[in-house]
Amino acid sequence: MNWIWRHKKAAVYALVAFGILLLVSQAKITFKQDSAYAEMPSGQERQGGSKSKALPDESNFKLIQENDTLRLKFDESSGHFIVEDKRSGNVWRSYPNPDDWDNPGIAGSWIEHMQSPVMLQHIDFYNPNAKPKETNFAKEQGTVVKAAPTENGIEFVLELPTLGFQIPVRLSLHDDYVETAIIDEGIQETGTESLLWLRLYPFFSAEQSGNEEGYLFIPDGSGALISFQKQESAIKQLYQERIYGSDASFINNPSSRYNISMPVYGMKIGKKAFLAVVSGGAGYSDIVASPAGVYGNYNWIGTQQHYRMKFMQITNRAKNNGFETYTKDSRFGDDRVTRYYFLNEDAADYVGMASRYRQYLMQEQGLKRISPRDSNIPLFLSILGADRHNGVLTDRYVKATTFPEAMQMVQELYGLGIMNMDITLYGWQENGYSSLGGYLPVDRRIGGESGLKNFIEFAHSLEIPVSLEVNYELNNSGMNGFVGRYHGVRDLAGSLMSFTANSGDQITAASRKFIEKAVRDDMVRFKKLGIDGLLMEGIGRYVNTDYNTKYGGTRSEVVQSDLNILGEVKEAVGSVRVNNAGFYAIGRSDHVDRLIDDHSYDLFSTGPIPFAQIALHGLKTYTSLPENARSQYQIEFLRDIEYGSYPSFDFTMAETSELTGAYWYTPRSSAFDDWKMEAVEQYQQYNEIFGELQDQFIVGHRRLDAGVYETVYENGTKVYVNYNREDYDRDGIRVSAMDYAVAKGGRDR
């Protein structure tokens, strides 16, 4: 379902702009331009260099920390650091590769940006005509002060005296990574200027094209790569997106890109690579990636840390007039922490990056390898009870599947050989799927509470778990005592955030702290139903600052509320699932529904990669779109095979036509009788491949040829997928057109 947060007048402007963009481009592409672009010179000046403005002198760097794997060196005059990898001899710098500094392809302010450990944007709020300005450590003649050793590294302050800024930084060395942190408590703004954003070490190991083959890894959708481009490339676009998506309390540039769900990025340079994990303050961080040719001859990638943002200040009671301004008096908190993991040789690619992120998830979020409950994989089956749509005088209740009919579905599939299912019931609540925010009692028109319990008992007799889908994030039912003006999410101007449903109704978003209480209150009754889990729609997926004075919270506090909610549900009913959630929620969930398996089709990216799936396979079960909701059926089926996804279907006993115009459920094709034999056939194919791979990590993935890919699992199984309309037969690998092949132990199967 498509979610569009209404942000009063600012949102209207954004949507109009977005509509114009779509008309012009006719593609799912959004290009963003860095605000500092206006400073960039053109013509011959842009191609020139500036040897007088040199990078740090490496003879000045002093060893400050060392372990069995890495050495950390620091330069107190520049604020930069160097990491030497003892395993390989590779060197990593917090600034661009100096070998090509005589031809950076840029001049003016950007030379100083690239020299500096920090680049930032600021504004003078005391001047009503002031505009944001970009600057950097070198331009402001910054100094490093208060440098002091720590147990694992060094702490120091980057002082910019002309602006009155002091930015405390901590560097620390660990087994296979170095960690950088901006210590929020020590940030000082003593002059008239206020900090808007900063980029700490934005040109970490920036590399020019041509020296080494390589790419930038961006967490766009399931993951995407930006190959090192020739410096004269015609593609001049920057990638910049907020981790966990935009914040509806503030003004955001319209974007058709997928939200970033993983707080990671990386770069491959020849036979070495690094993976960066934003482990602190991720919700206030943008990931910024620039191919060579956009800003000079270097490829670079890093984060932009926000401390204040624009919002719409309303000036009249009707809330239809206002002006754009910044959060002047409140600076976003949280330490901003990034870890750089260093990868060598065979691990120096996106598979190695994803594998290291998997290890991070296991070590830091407690994820553990799956213990399959059956040698057959589960079929994830969603069944709709009911929804509503417009009637002649009032809303019309449409029964899609009663509980006895759901029992019949399961019985038929079981008899046809699908003995391992995992079922989630939708629209089981009073008034159906589009009734949100309150979930008990069970609607009697599809069987009531007794009918639900009977269905659960029947499913359990076949050892099939049953979960219920709930959406507490929106509330149009008034359940749990919800009153929008008291319990709704508000932006900084005090306006309630709401969603426009297919019915045309405005549905208010509920504050997370209210949701915490509502979920807690409902758990006793859920436990009595005998269910095995809940699918928490929206939780872990939409992160917005909430200025509700009683129930609101910062972006970080909303993340913590999500974790609290998921933890309480799991403890109460045994299992909790999320729908395409941010990876901060993955550790508290047992299954990821509709995990993105695509990218946003920017011209500079080479196509999607299964980074998210490589990180998760063997740790969590995950599905993509249901088989019967696909627009390109065979291609998306093959994508599941390539990415290791589990099969899923959305079913109703009613004909799909009966649900046309439903407020919330909009199936492409859902009638059980139309799909049951296809479901059996599809399941058998998935099960033949993945039955023995449920707990296996993905250890390899590569492109063999245009449209032909190989995925490798721990036990040596190789899965080949051919998206072409011609057979592939090369180097002993044979894959029919628009088909797949599997090899186990070196034998085709």
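Rule-based calculations on the coordinates, nothing more; no lab input. If you're wondering where the values come from, they're calculated on a predicted model, not measured in any experiment. All Cβ positions, even for glycine, are placed from backbone atoms using ideal geometry, and neighbour counts span all protein chains on display.
Residue separation times 0.36 nm, minus the C-alpha to C-alpha distance between residue 185 and residue 60: what's the value?
Working: separation 125, 0.36 × 125 = 45.00 nm, distance 2.98 nm.
Full-extension gain reported as 42.0 nm.
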**Item:** Diffusion coefficient, µm² s⁻¹, Stokes-Einstein with Kirkwood Rh over alpha-carbon pairs of the stretch 458-526 at 10 °C and 1.306 mPa s
**Value:** 114
**Item:** HN-Hα J in Hz across the stretch 347-362 - Karplus 6.51, -1.76, 1.60, θ = phi - 60°, x for Gly and Pro
**Value:** 8, 8, 7, 5, 5, x, 5, 5, 5, 5, 5, 4, 4, 4, 4, 6
**Request:** Could you give me the radius of gyration and the Dmax of the stretch 696-749, taking only the C-alpha atoms into account and expressing both in angstrom?
**Result:** 10.6, 31
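Checking the table 272/718; 328/550; 73/131; 453/570; 399/550 against a 28 Å threshold on Cα-Cα, which pairs fail? Write down the numbers at each step before the final one.
On the way: 272/718 25 Å; 328/550 22 Å; 73/131 38 Å; 453/570 20 Å; 399/550 39 Å.
Violating the 28 Å Cα-Cα cut-off are 73/131; 399/550.
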**Item:** Rounded to the nearest 20 debye, dipole of the stretch 167-235 from Cβ charges on Lys, Arg, Asp, Glu
**Value:** 160
**Complete:** Dipole check, the chain, charges on Cβ (K,R +1; D,E -1), about Cα centroid: among 129, 94, 113 the Cα furthest to the positive pole belongs to 129
**Request:** Express in whole angstrom the spacing between the alpha-carbon centres of the stretch 143-205 and the stretch 80-119.
**Result:** 18
**Request:** Note the angle between two axes, namely the Cα long axis of helix 555-573 and the longest principal axis of the Cα atoms of the chain, as a number of degrees from 0 to 90, rounded to the nearest 10.
**Result:** 30
**Message:** Output wanted: per-residue J couplings in Hz (rounded whole) for the stretch 425-439, from phi through Karplus 6.51 cos²θ - 1.76 cosθ + 1.60, θ = phi - 60°, x for Gly and Pro.
**Reply:** 9, 10, x, 8, 7, 4, 6, x, 4, 8, 8, 10, x, x, 10
**Complete:** Here the relative contact order (percent) of the chain, from C-alpha pairs under 8 Å and at least 6 apart, is 11
**Message:** Tell me the net charge near residue 159. Cut-off is 13 Å between Cβ atoms, residue 159 excluded, with +1 for each Lys or Arg and -1 for each Asp or Glu.
**Reply:** -2
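About its Cα centre, what dipole magnitude does the stretch 336-431 give when the only charges are +1 on Lys and Arg Cβ and -1 on Asp and Glu Cβ, stated in debye to the nearest 20? Please report the intermediate quantities before stating the final value.
Values: 10 positive and 11 negative charges, 73 e Å.
Charge dipole of the stretch 336-431: 360 debye, to the nearest 20.
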**Prompt:** What's the extension gain from residue 521 to residue 329 if we count 0.36 nm per residue and subtract their Cα-Cα distance?
**Reply:** 65.5 nm
**Asked** What order, most packed first, do the peptides 346-354, 640-648 have when packing is the mean number of other Cβ atoms within 10 Å of each residue?
**Response** 640-648, 346-354
**Item:** Estimated dipole of the chain in Debye, rounded to 20 [Cβ of Lys and Arg +1, of Asp and Glu -1, Cα centre]
**Value:** 1720
**Complete:** For residue 280, the residues 5 or more places away or on another chain with a placed amide H closer than 5 Å to its own amide H are 337
**the stretch 92-209 - Kirkwood radius from inverse mean 1/r over Cα pairs (Å)** = 15.5
**Item:** Rounded to whole Hz, the Karplus (6.51, -1.76, 1.60) HN-Hα couplings of the stretch 294-308, x for glycine and proline
**Value:** 8, 10, x, 8, 9, 8, 8, 8, x, 10, 10, 9, 8, 10, 8
**Prompt:** What whole number of Å gives the distance from the Cα centroid of the stretch 449-500 to the Cα centroid of the stretch 208-280?
**Reply:** 35
**Prompt:** What full-extension length gain, to one decimal in nm, is calculated for residue 702 and residue 680 as 0.36 nm per residue of separation minus the Cα-Cα distance?
**Reply:** 4.9 nm
**Prompt:** For the stretch 378-525, what is the Kirkwood estimate of the hydrodynamic radius, computed as the reciprocal of the mean inverse distance between distinct Cα atoms, to one decimal in Å?
**Reply:** 16.7
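Rounded to the nearest 0.05, what FRET efficiency do residue 632 and residue 444 give with R0 = 25 Å and r taken as the Cβ-Cβ distance? Could you check?
0.05
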**Complete:** Plugging the Cβ-Cβ distance of residue 91 and residue 550 into 1/(1 + (r/R0)^6) at R0 = 45 Å yields, to the nearest 0.05, a FRET efficiency of 0.25
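In Å, what Kirkwood hydrodynamic radius results for the stretch 669-714 from the alpha-carbon pair distances?
On the way: mean 1/r = 0.0766 Å⁻¹.
For the stretch 669-714, inverting the mean 1/r across all distinct Cα pairs yields 13.1 Å.
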**Request:** Please report the Cα spread of the stretch 646-702 along all three principal axes, rounded to whole Å, starting with the longest.
**Result:** 45, 23, 20
**Item:** FRET E, pair residue 162, residue 726, Förster distance 60 Å, beta-carbon r, rounded to 0.05
**Value:** 0.40
